[in-house]
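Peer 1: Okay, handing you the structure first.
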Amino acid sequence: QVQLVESGGGSVQAGGSLRLSCAASGNILLGNVMGWYRQAPGKQRELVAVKSREGITNTAESVKGRFTISRDNAKNMVYLQMNSLKPEDTAVYYCNLDELRPGMNFWGKGTLVTVSS
């Protein structure tokens, strides 16, 4: 099994910044794609940003220019630097590790980010 533990969530005013971290442990194969999704109240979970082991990034249009994903392959860590936060960024943010194999897509428990206006 793989365990993902997020940290760094919290409450911030609009325009502020937060940095999320996710530590992966357990039976990690390659850590092919790691990244972040979020789910706001009453909405479906959506992709925020993911990054492949080779460095290819996919970022949601709604956060481009404000959020930056990075990862440390040696430490099995992924980070999300969030700047210029908006109230609509309020959500539970989930760390994800996808080994791109059946049954090998893992989720953390989530960390809450609240942005007040």
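The values are calculated or read from the model by the stated rules, or taken from the named source; none is laboratory data. Predicted model, so just to flag it, every value in this text is computed and none were measured. Note that each Cβ is placed from the backbone with ideal geometry, even for glycine, and that neighbours are counted across all protein chains shown. Just so you know, the surface numbers come from the protein's heavy atoms only, side chains and all, with ligands and any DNA or RNA stripped out. Shrake-Rupley method; radii C 1.70, N 1.55, O 1.52, S 1.80 Å.
Peer 1: Return yes when Gly15 is open to solvent by 40 Å² or more (accessible area, probe 1.4 Å), without any contact (Cβ under 8 Å) to a residue 40 or more places away in the chain and under 19 Å from Val113 (Cα atoms) and no when it is not. Spell out how you get there, then give the answer.
Peer 2: Working: open to solvent by 40 Å² or more (accessible area, probe 1.4 Å): yes; without any contact (Cβ under 8 Å) to a residue 40 or more places away in the chain: no; under 19 Å from Val113 (Cα atoms): yes.
The answer is no for Gly15.
Peer 1: Find the residue count for the range 66-117, including only residues that are among the basic types (Lys, Arg) and closer than 30 Å to Gly42 by Cβ.
Peer 2: The number of residues fulfilling the criteria is 3.
Peer 1: If you don't mind, there's one more thing I want to ask. Identify all residues within the range 18-36 that are touching a residue at least 60 places away in the same chain (Cβ under 8 Å), over 10 Å from Leu80 (Cβ atoms) and out of contact with any Ser or Thr (no Cβ under 7 Å at 6 or more places or on another chain); write none if there are none. Steps first, please.
Peer 2: Keep residues of the range 18-36 that are touching a residue at least 60 places away in the same chain (Cβ under 8 Å), which gives 18-20, 22, 24, 28-36.
Now drop any that are not over 10 Å from Leu80 (Cβ atoms), which leaves 24, 28-34.
Matches in the range 18-36: Ala24, Ile28, Leu29, Leu30, Gly31, Met34.
Peer 1: Looking only at the range 45-104, which residues are in a loop (DSSP other than H, G, I, E, B), of a type outside the set (Ser, Thr, Tyr) and buried (at least 17 other Cβ atoms within 10 Å of the Cβ)?
Peer 2: From the range 45-104, those in a loop (DSSP other than H, G, I, E, B) are 45, 53-56, 60-66, 76, 83-86, 90, 99-104; that's our starting set.
Checking which are of a type outside the set (Ser, Thr, Tyr) leaves us with 45, 53-56, 60-61, 63-66, 76, 83, 85-86, 99-104.
Result: Val63, Asn76, Leu85, Glu99.
So that you can scan it fast, the table gives a plain yes or no per residue for (1) within 18 Å of Gly108 (Cβ to Cβ); (2) small (Gly, Ala, Ser):
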site	(1), (2)
Glu6	yes, no
Ala14	no, yes
Ser17	no, yes
Ser25	yes, yes
Val33	yes, no
Gln39	yes, no
Glu46	yes, no
Ile56	no, no
Ser62	no, yes
